[in-house]
Amino acid sequence: MLTLENIQSFLTPKPPNEKTERETWLGYVAIIGLVAVALFLSSYLRPMTGEAISLLLFLFPVIVAAWYGGFAPGLFATVCGVTVSTVMYAVSSDAPREITAPELIRVGVYLSEGLLLSLLAGLFHGALESRTRAQEEKLAALSSLTTSEARARSIVDHVVDGIFTMDEHGKIDSWNQAAEKIFGYRSIEILGTHVSKILPEQESEDHNEYFDHYRSPCRPKILGVGREVVGRRRDGSTFPLDFALSEFTLDGSRYFTAIVRDITERIRIANELRQAKEAAEAASRAKSQFLANMSHEIRTPLGVIVGFTDLASSPEQSESERVQALSAISRNARQLSVLIDELLDLSKVEAGRLELEKTRFELMSVIEDLRAALALRAKEKGLRVTFESEGAIPRLIHSDPIRLRQILLNVVGNAIKFTEAGSIRVLARARVNKDVLAPIQLEFEISDTGIGIDPEQQTRLFRPFSQADSSMSRRFGGTGLGLAISRKFAQALGGDLVLLRSQLGAGSTFLLTILDGPASEAEFMELPLQDLNFGPRVVSSPPKVEAKPVALPQSASDLNGLRILLVEDSPDNRAMVTRFLTRAGASVETAVNGEEGVKKAIDLQPDIVLMDIQMPEKDGHTATAELRRSGFAKPIIAITAHAMKEERERSLSNGFDEYLTKPVNRTRLIETLHRFAEVVA
């Protein structure tokens, strides 16, 4: 639909194209039609209404065209109107008229008025259009500025850092959402207040000095440099804050923009990294110290073994000296065995593969083991070691007897080691819950009158590879593994091992706790005072030891007629085991590796095969599997330095009938062979 509102669009200059040209021509046609209608009405009504009304009707399309299109459309409408009016005047009667002077004057008047009105209307239209355009541009600029401010505000509000501005007196006049989250103050609560509101008292004073320092004309300006300060939240709590300040000027006044960040988490992570680094360095130092101690602990008994072996093999040695040498070799070999056991236990604990074998056993059996293991050491130092109970305790304990024995031997042994004079007391008690079905907590309190431990050394007492003081290992010996392993064992038994108290020069007290079975199944007893050592301190030279053969039952030592194949790659082990067996009456063949062992086992068909595990060319597992596949059904006994429980289970599942560990225990070896000899007989 074509309306007057479209005329301006039609007549406004546009880039030349087919559509624009068509709209322009349609606009001019509309103006001509409007002029024609107006002039027709003017000519028709002039006799009745007079010249004035006719003139108004003529000028109406001129004004409309000029108003909506400007001067050019108004001029066009005027020319069209005058032309059409003149033609209509000439043809308005039956006979053609001549255009008289008055008519020409009227045409001139019409033309002049049309031109004048077109000019005025065009000028007024242009001025109004310019004003409208200026207002539109102003509104567009204002809208753009508002949008830009909203965008900037949104950016400021959604950054992770707190941002606020303040004047040169420290009064806050803007506050973003991140600052609200950091400090807990909403904008309405903080605007207009002093910046000291978000700083502790000391920090506030420092900040005021900072402002004074900045405003001082004789001092250098310090801006844009981040510094760590302490902030204060709305609830009064303080926290570390990264604070950076910059300056800007607005309307001649100085303002400051502060960017703040809560660095609590960053400091926590930095502290954790620092602590982890220090812990790693401490662990590295501890392991280095441990290796040094371990080297000492291994080399010391090895040196004794090598030295006394040379002495024992010397023909100049008397029988009693040779016996003493062999006794020293045996004692130091056992010491090495204990050291290796500790290392294996530690590896199990560190790998989380510690396994317990819980059973019911008598507490008195543990006490007797302590007596047997520690009596001589206590006697040599003149120490009294006692074991007693406080109240009734269970006669039978449901736990792992081996691990409990290890813990008590280690803790009581340490007490003897670090006590020069006085006594060691082991006090047992039972903590019974009201619920008879709940487990009993057994406690063993081990007190000594030894050298004691200072507070700083107590902090690393239960760390692996560490003793209270590195000088302790040089003075008393030991690897620093005992207490760490004992605590792990105690925790595995449902309790713990802790240092209750210690004082330098006055002794220490340790508390061992474990869990027993329920009280409803317990049989309680009162344990009287038990002495675990005998006699006064030994100050004379070591007693003369007489050589005594290992006492074996007659049936166990009689291996006469038993044919044994020993597969072992170590010449010394082959010679030693061969001597053990031949003295017991057995006939022994040897092989130096698994390949030779398989061939000899198939060819000789011995009664029993003793098979080492780790050998060159073909190991014990492979050799045994090959023998079983070939149909060899005689007993095969593993004899190896691998002492882990997993290796034992693997060996038994791979075709071995029994599993013995090195160092070879002569008594157990012969008893095991005698047991299998009865089967194959």
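Just wondering, is there one or more residues in segment 382-394 that are in contact with a Phe, Trp or Tyr (Cβ under 7 Å, 6 or more places away or on another chain), assigned to a strand (DSSP E or B) and among the aliphatic types (A, V, I, L, M)? Talk me through it step by step, then tell me what you get.
Initial filter on segment 382-394 (in contact with a Phe, Trp or Tyr (Cβ under 7 Å, 6 or more places away or on another chain)): 392-394.
When the remaining residues are screened for being assigned to a strand (DSSP E or B), the result is 392-394.
Checking the rest, the ones that are also among the aliphatic types (A, V, I, L, M) come to 392-393.
Within segment 382-394, one or more residues are in contact with a Phe, Trp or Tyr (Cβ under 7 Å, 6 or more places away or on another chain), assigned to a strand (DSSP E or B) and among the aliphatic types (A, V, I, L, M).
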Worksheet entry | Selection count, segment 173-188, where residues are surrounded by fewer than 16 Cβ atoms within 10 Å (Cβ to Cβ) and either over 39 Å from the mean Cα position of the chain (by Cα) or not in a helix (DSSP H, G or I) (or both) | 3
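Taking segment 404-416, which residues are open to solvent by 50 Å² or more (accessible area, probe 1.4 Å) and in contact (Cβ under 8 Å) with a residue 60 or more places away in the chain?
Step one: list which residues in segment 404-416 are open to solvent by 50 Å² or more (accessible area, probe 1.4 Å), which gives 405-406, 409.
Matches in segment 404-416: 406 only.
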Worksheet item: Just for segment 491-511: of the residues that are in a strand (DSSP E or B) and touching a Gly at 6+ places or on another chain (Cβ under 7 Å), which one is farthest from residue 439 (Cα to Cα)?
Response: 503
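Among the residues of segment 616-632, is any in a strand (DSSP E or B) and either aliphatic (A, V, I, L, M) or farther than 29 Å from residue 336 by Cα (or both)? Give the steps one after another, and end with the answer.
So in segment 616-632, the residues in a strand (DSSP E or B) come out as none.
No, segment 616-632 contains no residue that is in a strand (DSSP E or B) and either aliphatic (A, V, I, L, M) or farther than 29 Å from residue 336 by Cα (or both).
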Item to complete: For segment 527-573, name all the residues that are open to solvent by 70 Å² or more (accessible area, probe 1.4 Å) and modelled with pLDDT of 75 or more.
Response: 560, 563, 571, 572
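Which residues, taken from segment 424-457, are open to solvent by 50 Å² or more (accessible area, probe 1.4 Å) and either outside any strand (DSSP E or B) or more than 23 Å from residue 491 (Cβ to Cβ) (or both)?
Narrowing segment 424-457 to residues open to solvent by 50 Å² or more (accessible area, probe 1.4 Å): 425, 431-437, 439, 441, 449, 455-456.
Once the filter is applied, which keeps residues that are open to solvent by 50 Å² or more (accessible area, probe 1.4 Å) and either outside any strand (DSSP E or B) or more than 23 Å from residue 491 (Cβ to Cβ) (or both), segment 424-457 yields 425, 432, 433, 434, 435, 436, 437, 449, 455, 456.
Answer yes or no as to whether residue 250 is within 20 Å of residue 152 (Cβ to Cβ), of a type outside the set (Asp, Glu) and at pLDDT below 85. Walk me through it before giving the result.
Details: within 20 Å of residue 152 (Cβ to Cβ): yes; of a type outside the set (Asp, Glu): yes; at pLDDT below 85: yes.
Judged against the criteria, residue 250 is a match.
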Worksheet, complete the sentence: Filter segment 610-620 for residues that are open to solvent by 20 Å² or more (accessible area, probe 1.4 Å) and modelled with pLDDT of 85 or more; the one that is farthest from residue 573 (Cα to Cα) is 618
Practice prompt. Sort through 344, 326 and tell me the only one that's within 30 Å of residue 646 (Cβ to Cβ), open to solvent by 40 Å² or more (accessible area, probe 1.4 Å), assigned to a helix (DSSP H, G or I) and modelled with pLDDT of 75 or more.
Written response: 344
Worksheet item: Picking from 623, 633, 586, which residue would you name as being within 20 Å of residue 559 (Cβ to Cβ) and either loosely packed, with under 13 Cβ neighbours inside 10 Å or touching a strand residue (DSSP E or B) at 6+ places or on another chain (Cβ under 7 Å) (or both)?
Response: 586
Worksheet item: Taking only pairs six or more apart or across chains, which ones have beta-carbon atoms under 8 Å, a first residue in segment 589-609 that is in a strand (DSSP E or B), and a second residue that is surrounded by fewer than 21 Cβ atoms within 10 Å (Cβ to Cβ) and hydroxyl-bearing (Ser, Thr, Tyr)?
Response: 590/578
Practice prompt. Go through segment 250-272 residue by residue and tally those that are charged (D, E, K, R) and touching a residue at least 60 places away in the same chain (Cβ under 8 Å).
Written response: 3
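Within segment 231-238, can one find any residue that is of a type outside the set (Lys, Arg) and surrounded by 12 or more Cβ atoms within 10 Å (Cβ to Cβ)?
We begin by selecting, within segment 231-238, every residue of a type outside the set (Lys, Arg); these are 231, 235-238.
Filter again for surrounded by 12 or more Cβ atoms within 10 Å (Cβ to Cβ), leaving 231, 238.
Scanning segment 231-238, I find at least one residue that is of a type outside the set (Lys, Arg) and surrounded by 12 or more Cβ atoms within 10 Å (Cβ to Cβ), so the answer is yes.
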Item to complete: Go through segment 620-669 and give me each residue that's touching an Asp or Glu at 6+ places or on another chain (Cβ under 8 Å) and of a type in the set (Lys, Arg).
Response: 634, 645
Worksheet entry | Checking residue 332 against (1) of a type in the set (S, T, N, Q); (2) open to solvent by 40 Å² or more (accessible area, probe 1.4 Å); (3) assigned to a helix (DSSP H, G or I), the condition it does not meet | (2)
Response to the item:
Among (1) farther than 22 Å from residue 558 by Cα; (2) surrounded by 19 or more Cβ atoms within 10 Å (Cβ to Cβ); (3) charged (D, E, K, R), residue 649 falls short only on (2)
Fill in: Selection within segment 133-167 - over 15 Å from residue 259 (Cα atoms), open to solvent by less than 60 Å² (accessible area, probe 1.4 Å) and either in contact with a Ser or Thr (Cβ under 7 Å, 6 or more places away or on another chain) or among the hydroxyl-bearing types (Ser, Thr, Tyr) (or both)
148, 154
Item to complete: Please identify the pairs in which a residue from segment 165-189 that is over 22 Å from residue 230 (Cβ atoms) has its Cβ atom under 7 Å from the Cβ atom of a residue that is assigned to a loop (DSSP other than H, G, I, E, B) and open to solvent by 50 Å² or more (accessible area, probe 1.4 Å), counting only partners at least 6 apart or on another chain.
Response: 173/191
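Just to be sure before I move on: is residue 470 modelled with pLDDT under 85, within 45 Å of the chain's Cα centre (by Cα), hydroxyl-bearing (Ser, Thr, Tyr) and within 22 Å of residue 398 (Cα to Cα) in the structure I sent? Reasoning before the result, please.
Values: modelled with pLDDT under 85: yes; within 45 Å of the chain's Cα centre (by Cα): yes; hydroxyl-bearing (Ser, Thr, Tyr): yes; within 22 Å of residue 398 (Cα to Cα): no.
Spelling it out, it is not the case that residue 470 is modelled with pLDDT under 85, within 45 Å of the chain's Cα centre (by Cα), hydroxyl-bearing (Ser, Thr, Tyr) and within 22 Å of residue 398 (Cα to Cα).
The values are calculated or read from the model by the stated rules, or taken from the named source; none is laboratory data. Everything numeric here is computed off the predicted structure, so don't read it as measured data. Note: ideal-geometry Cβ built from the backbone for every residue, glycine included; neighbour counts use all protein chains shown. Side chains included, ligands, DNA and RNA excluded: accessible areas come from the protein's heavy atoms. Shrake-Rupley method; radii C 1.70, N 1.55, O 1.52, S 1.80 Å.
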